[in-house]
Structures are given as C-alpha cells and as structure tokens.
Amino acid sequence: MYKKPSGARGVKQAYERLLGANLREGEPAWLRAMRSVPPADSLVRETSQFSTRGRLGFEQAAVDEGNKAVEGERIERAVAEGCVTSRHKKSQLRTQSTKPPRIEFPEDRLRRTFYRNHPFEKERPRIVMEPTGQTEQDWSQLTHGHGQVTGENVIRHQYYLMQNKGLSEREAYAQATSEFYKVRAREEMEAKSARQEALAYGACGLAKPFSASQLAAEDRALRRSAKIFARRAEVQNMRSAMSERMFAVGALPPSS
C-alpha cells in the first residue's frame, strides 16, 4: 500500500526536484543535514487507501444489507434555477476515520450471548495446555469423552450446528446448552460420589488452621460487641428512668 511521505521528507524531496530542474542555485546547509540525518516517519497513522471490509463470506451479507439501508439516502439542496448540482450519499460525505476496521467473527456474537446467560462460567478455571497440538477439532459433538468442557466448546458446537445442520441460532443454542447442562450435572454427580466414597473410607477434610483462627477471632469480637451494646443499653435505660423520675417530682404540686 502506498504511503505518502511525512511533511519534513516532502520538503526535502520538493527542494531536490527544484534543484534538478535548475530552479534553485546551490544547496542550503539544511539540505545536507537532512540527507545525513533523514527525518523520521510521522507517528500519525494514514488512512487506508483500500477497503478491507466485506472480504469474508459472513461479512458480505452484512455489507449488502448496509448498502441497501443507505441506498437512496441523499442530501437535497435548494439550488437556484439554471444551476447544476451533484448528489452525494451520506456515506460519501463522512470523513474517513483513521481507526482500523473492526474485525468481528460470527462466534463473537454467540460468545457474548452465552456468557451473558452464564456469567459464572468465566470464573471456572480452565486448562490451557494442548495435549494433542491439533488446531482443528471435530465440533460435531460437544465432547468426545475426554478433555475439559468449557463455554468455548458450547460456542464451537453451536456454530457447527448452524453451519452444517442448518439450524437457526436459537435452535442451535438450545441444543448445545442442553448437552452442556447434562455434562455439568454428570460432573457434579461424579464429584459428589467421589467425596462420599472418600469419607466412607475414612478420609478427612483438609485442616484449615488459618480459617479456624479467623473464625475464632470473629466470634470473640462478636461476643465483645454484644457486651458493649448490652452495657450501653443498660446505661440508656438508667438515664431514661432518672429523667422520668425527675419529671414526675417536678410535676407534683407543692405541699401546703
């Protein structure tokens, strides 16, 4: 892709062209300095000269829909009689942004939907090690009986059902999540059975001295607070009784 030179380099090149055309006499000192130490490129990213959107298959449909949506949206101007005006689309009048185009795959939408409905799956620890080293896997099934089942398995299996089985996004989501719930229920039952079996054979839980000491300190603090509140309540009751007694004495009529 062509990238125009920075402003400083443009000045040097323009002056060299003038020298080549014999429009300037002699080389100034700054030109020799710029040749020995050329200026750096601009840190401002230039706008891409080529369109990078709509290249993939799933993006083409979105691009076509966007073109149909903006088709016919033109800006009408009041022009005097006899004058000629040109019509422009709103998309052509917008200033092109220097930001790179956003790349979004169909799995991203499925991933947002799944983790919005299952937020606690993000907190579940995952195994990042790849035992086989294969980058491509068969997602016709949620699990093949080995490996860890995560939310990514559900997303990949749902996308497989949408692309190869012809299911809609809602139907594929319902089928993939139903299988996922069965796997999670089986894992919970296995963990519960293993815990009960270990306890039946005499296993004991891991001792947590730090947690026990913290609970004991919390219990002592609660008992101390209960005593302080009881003492404050007793003092408040004594003050209330004293105030009522003094009020009753002041309200009595004087004896003759």
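The values are calculated or read from the model by the stated rules, or taken from the named source; none is laboratory data. The shown structure was predicted, so the numbers you read here are calculated from the model rather than taken from an experiment. Please note: Cβ atoms are built from the backbone with ideal geometry, for glycine as well, and neighbour counts cover all protein chains shown. Heavy atoms of the whole protein, side chains included, go into the accessibility calculation; ligands, DNA and RNA do not. Shrake-Rupley method; radii C 1.70, N 1.55, O 1.52, S 1.80 Å.
Per-structure values
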item	result
Some residue of the stretch 183-196 being in contact (Cβ under 8 Å) with a residue 40 or more places away in the chain and not in a loop (DSSP other than H, G, I, E, B)	yes
Sole exception among (1) closer than 24 Å to Pro106 by Cα; (2) surrounded by 11 or more Cβ atoms within 10 Å (Cβ to Cβ) for Ser168, by number	(2)
Glu130 being of a type in the set (Asp, Glu), modelled with pLDDT under 90 and either closer than 26 Å to Glu187 by Cβ or assigned to a helix (DSSP H, G or I) (or both)	yes
Members of the stretch 151-165 that are among the polar types (S, T, N, Q) and open to solvent by 10 Å² or more (accessible area, probe 1.4 Å)	Asn153, Gln163, Asn164
Residue match in the stretch 248-256 (condition: among the aliphatic types (A, V, I, L, M), at pLDDT 80 or above and open to solvent by less than 60 Å² (accessible area, probe 1.4 Å))	no
Residue within the stretch 199-209 that is more than 30 Å from Asp138 (Cα to Cα), at pLDDT 85 or above, assigned to a helix (DSSP H, G or I) and open to solvent by less than 100 Å² (accessible area, probe 1.4 Å) present	yes
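This table checks each residue for (1) under 20 Å from Val154 (Cβ atoms); (2) among the acidic types (Asp, Glu); (3) in contact with a Pro (Cβ under 6 Å, 6 or more places away or on another chain); (4) open to solvent by less than 50 Å² (accessible area, probe 1.4 Å).
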| residue | (1), (2), (3), (4) |
| --- | --- |
| Ala172 | yes, no, no, yes |
| Glu179 | yes, yes, no, no |
| Val183 | yes, no, no, yes |
| Lys192 | no, no, no, no |
| Leu215 | no, no, no, no |
| Glu218 | no, yes, no, no |
| Arg223 | no, no, no, no |
| Ile228 | no, no, no, no |
| Asn237 | no, no, no, no |
